[in-house]
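Input: a single structure, listed below in structure tokens.
The values are calculated or read from the model by the stated rules, or taken from the named source; none is laboratory data. Given the structure is predicted, the values throughout are model-derived calculations rather than measurements. With ideal geometry, Cβ positions are generated from the backbone for all residues, glycine too; neighbour counts draw on all protein chains shown.
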Amino acid sequence: MELGVAKQEVMGLTGDEAVAYAVKQVDPDIVAAYPITPQTIIVERFSEYVADGLVNTEFVPVESEHSALSTCVGAAAAGARAFTATASQGLALMWEILYIAASMRLPIVMAVVNRALSAPINIHCDHSDTMGARDSGWIQLYCENSQEAYDTTIQAWRIAEHPDVQLPVMVTLDGFVLSHTLESVRVLPDDVVKRFVGQRRYIRVVGHEYKEVPLVLDPENPLTLGAFGMYTHYFEYKRQQAEAMEKAKRVIEEVGREYGGISGRTYGLIHPYRLEDAEVALIGLGSTMGTAKIVVDRLRQEGMKIGLIRIRSFRPFPREELLKSLSHVKAIGVLDRAMSFGAYGGPLFMEMRSLFYDEESRPLISDYIYGLGGRDMPIKLLEDVARDVKRNADRGRVAEPIRYVGLRE
């Protein structure tokens, strides 16, 4: 593919609208739609594209989120490009099908607009929904802003369909913080997106008649997908999924670089900021890390050597990249927008502590659980977190390993 940064139009779009616009440009074969706040705008806007004849997509309104993902599974197994979107309880209702989609190696793309799980009912942002699905076998890419939501949705098809991957992808964006906030988004021309995404590529397998055929359901070349797997074979299937997830790290970076060639915006597994000489660092996911950059800049002016890493790819988890980037820091503050009940800290905190277990030089690591149910995380609170991490580094120990930030005691 010939690369060159394309001329782009600036549009005022919410995060949901940015995702819908990207899906319109890809023009998938099937979009299965069921509304749930704060995702509804995605499928509403896409239904308008369908009604206006701007896409050739088959738009399938279904009776539940379980049915939405089931429709995508059937369509993708038959060779179609399939997309859906959900949030919170909707993702929870899909639970059974999440594992089926990943285990059948179906390159479905799904936008998840992060929202707290009930009860009590809450429609605002935290990461409890997608963190609950972190072991389902889906690639998970967390977006900082609406521009990234647009860009990542386009890249997701190339990642999911890569012959070395063949796994479904969640594109996640923070509910209301991004989904309903208007931003300036630079969009590529339709033809540039079409060329970048290309046609879906099918891996080839040996079928029932011992001839090589594409891995899609086809009456002329019958295959069995997702059949009963005894202990004689099941373990091997799971190992293959693990290997595909590991290979996805390279593919995510390759696709991110190639996308940078046409858009001027390059994406990777992690996005460090002012980390080169940092003694302390903040680590987190999603939109909060944009605010954290402001905090880093302010504290740098005060003389604090601080940086941050925004983790874009939570699954696959970027172990090597994080170890390399954080090898010189004294203390790390992990920002968790989810709880893991009964565990020692939040999901990201546990990953980070595990990451450094075998390292000879280990930074001090503390966890800051914040923002549950949409609770604000203003600059002042993030500054307090950063100063606490710095105190840990200065004293050489973590005084309070797990803190709840912004909580009314």
(request) Could you check how many residues of segment 203-248 are out of contact with any strand residue (DSSP E or B) (no Cβ under 8 Å at 6 or more places or on another chain) and not in a loop (DSSP other than H, G, I, E, B)? (result) 13
(request) Determine which single condition residue 116 fails, assuming it passes every other condition in (1) surrounded by 21 or more Cβ atoms within 10 Å (Cβ to Cβ); (2) under 22 Å from residue 162 (Cα atoms). (result) (2)
(message) I'd like the full set of residues that are crowded, with 24+ Cβ neighbours inside 10 Å, in contact with a strand residue (DSSP E or B) (Cβ under 8 Å, 6 or more places away or on another chain) and of a type in the set (A, V, I, L, M), limited to segment 76-105.
(response) 76, 82, 85, 87, 91, 94
(message) Any residue at all in segment 268-285 that's hydroxyl-bearing (Ser, Thr, Tyr), over 19 Å from residue 160 (Cβ atoms) and assigned to a loop (DSSP other than H, G, I, E, B)?
(response) no
(request) Just give me the residues in segment 349-385 being outside any loop (DSSP other than H, G, I, E, B), surrounded by 12 or more Cβ atoms within 10 Å (Cβ to Cβ) and out of contact with any strand residue (DSSP E or B) (no Cβ under 6 Å at 6 or more places or on another chain), in sequence order. (result) 350, 351, 355, 372, 373, 374, 379, 381, 382, 383, 384
(message) For segment 281-296, give me the residue count where each residue is over 16 Å from the mean Cα position of the chain (by Cα) and of a type in the set (Val, Ile, Thr).
(response) 4
(message) Looking at the structure I just gave you, is residue 309 β-branched (Val, Ile, Thr), closer than 16 Å to residue 382 by Cα and touching a Leu at 6+ places or on another chain (Cβ under 8 Å)?
(response) yes
(message) Can you list the helices (runs of 4 or more DSSP H) lying wholly within segment 1-106 that have 2 or more residues being over 20 Å from the mean Cα position of the chain (by Cα), without any contact (Cβ under 8 Å) to a residue 60 or more places away in the chain and more than 22 Å from residue 191 (Cα to Cα)?
(response) 65-77
(request) Please go through segment 286-326 and pick out each residue that is in a strand (DSSP E or B), of a type in the set (Val, Ile, Thr) and either out of contact with any strand residue (DSSP E or B) (no Cβ under 7 Å at 6 or more places or on another chain) or more than 18 Å from residue 346 (Cβ to Cβ) (or both). (result) 306
(message) Given the options 48, 58, 44, 63, name the one that is under 19 Å from residue 176 (Cβ atoms) and surrounded by fewer than 17 Cβ atoms within 10 Å (Cβ to Cβ).
(response) 44
(message) Need the failing condition index for residue 321 against (1) touching a residue at least 40 places away in the same chain (Cβ under 8 Å); (2) within 22 Å of residue 392 (Cβ to Cβ), just the number.
(response) (2)
(request) Return a yes/no flag: does segment 167-180 have any residue that is farther than 30 Å from residue 406 by Cα, touching a helix residue (DSSP H, G or I) at 6+ places or on another chain (Cβ under 8 Å), surrounded by fewer than 24 Cβ atoms within 10 Å (Cβ to Cβ) and modelled with pLDDT of 95 or more. (result) no
